[in-house]
1. Based on Cα coordinates alone, diagonalise the gyration tensor for segment A:92-157, multiply each eigenvalue by 5, take square roots, and list the semi-axes in whole Å, largest first.
2. Between residue B:137 and residue A:97, how high is the FRET efficiency from 1/(1 + (r/R0)^6) when r is the Cβ-Cβ distance and R₀ = 25 Å? Nearest 0.05.
3. Given Cα positions, please report Rg to Rh for chain B, the hydrodynamic radius being the Kirkwood one.
4. What distance in nm separates the two pseudo spin-label positions at residue A:155 and residue B:129, each 7 Å out from Cα along the beta-carbon direction?
5. Cα-based Rg of segment A:1-89 per 2.2 N^0.38 Å, rounded to two decimals?
6. Given N residues in segment A:24-139, what is its alpha carbon radius of gyration divided by 2.2 N^0.38 Å?
7. For the protein assembly as shown, just the Cα set please: Rg and Dmax, both in angstrom.
8. Computed FRET efficiency, Cβ-Cβ of residue B:61 and residue A:137, R0 25 Å: what is it to the nearest 0.05?
């Protein structure tokens, strides 16, 4: 019964959700040729309020409007799920300092590493990009080590 | 983005909606589910990333192989291939530390807002702080060698 232990919640919800995630990226790609990652939004949106040169590169300023639309779509799409399937709001038990500190590291890491779970993990791997495969293998290994270390230290959740 | 035809923003919005719905449906928008995966309690997340990458893999292959240009922009279809340098690994290590600590990545964090998970705003704020800090630091480093353009 090892399958039950590895997948205590089955695989349907994960696979179906993954197909939707890929489907959203594929829809935008087929219509516009744009490969939409989620993390460039952080820097491109900062260009509205900061004149730091890095945020005001043409690549960011030229895409900042649709990146806000994309992010709004992500929030709305998840909202549809929450209203129709989830039966209202759901909130995490993970402690605030983990979310904040983890968020800061994610913000630095995704920009330094040229992408995140969607950019490298879904689009880059889907492109068989060696750069992305190296990045994904790196962040998954480090994340496994970090999560297990934090758990071993008795932090929960 | 020189050329954008009518419907451009609508397609982006609908694509985002499908993407965000998938993140919520898969439960990846919940940090606990990501942490369960990283702690080997539930490996279902493999199917989220694998399923999504399979779809993009097929669509990228077909589009770059047989289609000419995207209807709403006229741009040529390309794959996502970025240059490799040390930052790709260093960034992966920093990202992985943050992902393992919080169970949150950018797309999943936005979707988490949508499922009503208000404490996730800590993570969203953190991501903006992190992105701002690295951008400011890197602009200063490159700016100092490129001339007086580093003024903030």
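Values quoted throughout were computed directly from the atomic coordinates according to the rules given, and no laboratory measurement underlies them. These numbers come from a predicted model, not from an experiment. Cβ atoms come from the backbone with ideal geometry, glycine included; neighbour counts cover every protein chain shown.
1. 25, 13, 9
2. Result of the calculation: an efficiency of 0.60.
3. 1.01
4. So the two model labels end up 1.4 nm from each other.
5. Normalised Rg, Cα atoms only: 1.45.
6. Output field value: 1.18.
7. Every Cα atom of the protein assembly as shown included, Rg and Dmax give 18.4, 65 Å.
8. 0.70
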